[in-house]
Amino acid sequence: MKKTILALTIAAVLVSVLAINALAFTQAYSINSLQLNGNVAIGDAKGGFGDKAVWGTTRDDAKTTHFATLKVNVPADGKYYIWLYVTHTGTTDNSLFLSVNGGTAFSFDFIENVSEYYNIWYWMYGNSREDAGSTTGVEGYMTARMPKALELKKGDNEIKLFTREPGAKYSAIILTDDDKYDPNKDTKLDANKIDPLTVYGGTGAVTPTAPAQTTTKAGATGGDKAPDTGSMGFILLGVPLLGSALVVYRLRKA
């Protein structure tokens, strides 16, 4: 009887662990957790979460000086996808360079040459111009420029966002291992009115403010102010596992 009970207990634990590992990883990050370098900083940006955003003012083709570093900790080796909550005024302030763990950086474009995407806030997935070539229009992105998979290793990783076009703003970040996930369609974010930190984030984040989803004009007269430098410690959240044990883990998509 004792052996049977022991076997059932071990089986239950294994099933629980496998179920946890099978859950999709989805984590939100505050721009206040970024490490900022060079002419990249946080400033006022109407419509961003907390009416704040980060952007650079100096193009960094060398990819050495003007960048923001996002430190992430993931539960397993694999492919992950990054989403930024972005705004831009046109075709001259809508791209970044992105690199992972010191690897070769690629050009990450927001939606191009589509006027209805100017001066609003929306979620944009990481993509590579080098992989897909020059692509314009929503249809072009949907058919040619697919989300760029970031190869991350279990544990700590660094994602760097270099200034490509000065003025390209982003106000929040989501990382997920679900290639079908789209925060623009995430009902938990209530049509992007809910700061993702309150759903997929940790503690210690800035108090969220619901962004205006229409006619938001970044950089308009009397709107955004010059960014201020600042940073905030990276947060890990401990959650209960299997009833009594506590492990350091991340909130994931339900």
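What the table below lists for this structure:
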{"item": "Hits in the stretch 28-65 - residues which are surrounded by fewer than 23 Cβ atoms within 10 Å (Cβ to Cβ) and part of a loop (DSSP other than H, G, I, E, B)", "result": "38, 39, 46, 57, 58, 59, 60, 61, 62, 63, 64, 65"}
{"item": "Members of the stretch 68-81 that are closer than 16 Å to residue 154 by Cα and either under 12 Å from the mean Cα position of the chain (by Cα) or of a type outside the set (Val, Ile, Thr) (or both)", "result": "70, 71, 72, 73, 75, 76, 77, 78, 79, 80, 81"}
{"item": "Set 5, 20: member being at pLDDT below 95, surrounded by 14 or more Cβ atoms within 10 Å (Cβ to Cβ) and more than 24 Å from residue 163 (Cα to Cα)", "result": "20"}
{"item": "Candidate set: the stretch 100-121, residues that are surrounded by 19 or more Cβ atoms within 10 Å (Cβ to Cβ) and assigned to a strand (DSSP E or B); chosen: the one modelled with the highest pLDDT", "result": "100"}
{"item": "Among (1) surrounded by fewer than 16 Cβ atoms within 10 Å (Cβ to Cβ); (2) within 16 Å of the chain's Cα centre (by Cα); (3) without any contact (Cβ under 8 Å) to a residue 40 or more places away in the chain, the one test that residue 149 misses", "result": "(3)"}
{"item": "Residue within the stretch 168-177 that is assigned to a helix (DSSP H, G or I), touching a strand residue (DSSP E or B) at 6+ places or on another chain (Cβ under 6 Å) and either buried (at least 22 other Cβ atoms within 10 Å of the Cβ) or at pLDDT 95 or above (or both) present", "result": "no"}
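The values are calculated or read from the model by the stated rules, or taken from the named source; none is laboratory data. Here the structure is a predicted model, which means the values were calculated and not measured. Note that we place each Cβ from the backbone using ideal geometry, even for glycine, and neighbour counts take in every protein chain shown.
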